1. Using Cβ contacts closer than 10 Å as the measure, can you line up E34, E94, E100 from fewest to most?
2. Test of understanding: ordering T95, T113 by Cβ neighbours within 10 Å, fewest first, what list do you get?
3. Classify the stretch 35-128: rounded, prolate or oblate, from the alpha-carbon gyration tensor (a ≥ b ≥ c, eigenvalue square roots; a/c under 1.5 rounded; otherwise prolate if a/b is larger than b/c)?
4. At 7 Å along Cα-to-Cβ for each site, give me the label-to-label distance between I70 and I117 in nm.
5. What full-extension length gain, to one decimal in nm, is calculated for N104 and F41 as 0.36 nm per residue of separation minus the Cα-Cα distance?
6. Can you sort D116, D93, D77 so the residue with the fewest Cβ neighbours within 10 Å comes first?
Amino acid sequence: MRHCVRADKSSTASMNGPAMLSFLSAAAPVASGEPPAYLQFLPLVAMAVIFYFLILRPQMRRQKQQAAKIAGIQKGDQVVTAGGLLGKVIRVDETTVELELGPNVRVRAVKSTIGDIVPPGGTAPAND
C-alpha cells in the first residue's frame, strides 16, 4: 500500500510541474519585439495636449477678456448686444444695463448679452 501511495504522489507532482510551467509560460508576455503597451496611449495624450493648446486655452482667454469688458461697462459707452442691437448705455446695474437705442427708445438688457463695446469714433475700416 505504501508503495502505491508513493507512486501516486510522485506521478502527481511530475504531472503538475510541467503542466504548471507550460501554463505560466503561456501567460507570460512574449518578448517578440512588440512596443510597450503605454506607447499605444501616446497618440491620445498628444491629441489631448494639442486640443488643449489650440482650442481650449484660446477659448478660455477670450472668455476672460469678454468678462473683463462686461465688468468695465460704464454709462455713456456704445455697445452691441448679442442680438445685434447698437445702443448707448444709460444706466448700469449689477446684472443689467439700460440701453438707449434711439430717441426715447430704451431697453434693459442682461449684461451677459452684451457682445462688444464700440469705440467712441466707431470701428476703423478694414484695410484702409
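1. Numbers: E34 9, E94 5, E100 14.
In order of increasing Cβ crowding within 10 Å: E94, E34, E100.
2. Values: T95 8, T113 14.
Going from sparsest to densest Cβ surroundings: T95, T113.
3. Numbers: a/c = 4.32, a/b = 2.68, b/c = 1.61.
Prolate, because a/c is 1.5 or more and a/b exceeds b/c.
4. The modelled label-to-label distance comes out at 1.4 nm.
5. Residue separation times 0.36 nm, minus the Cα-Cα distance, leaves 16.4 nm.
6. On the way: D116 14, D93 10, D77 19.
Exposure proxy ranking, most exposed first: D93, D116, D77.
We did not get these values from a lab; they are worked out from the coordinates using the rules stated. Source: prediction; values computed, not measured. When we count neighbours, we look across all protein chains shown, and the Cβ atoms used for this are built from the backbone with ideal geometry, even at glycine.
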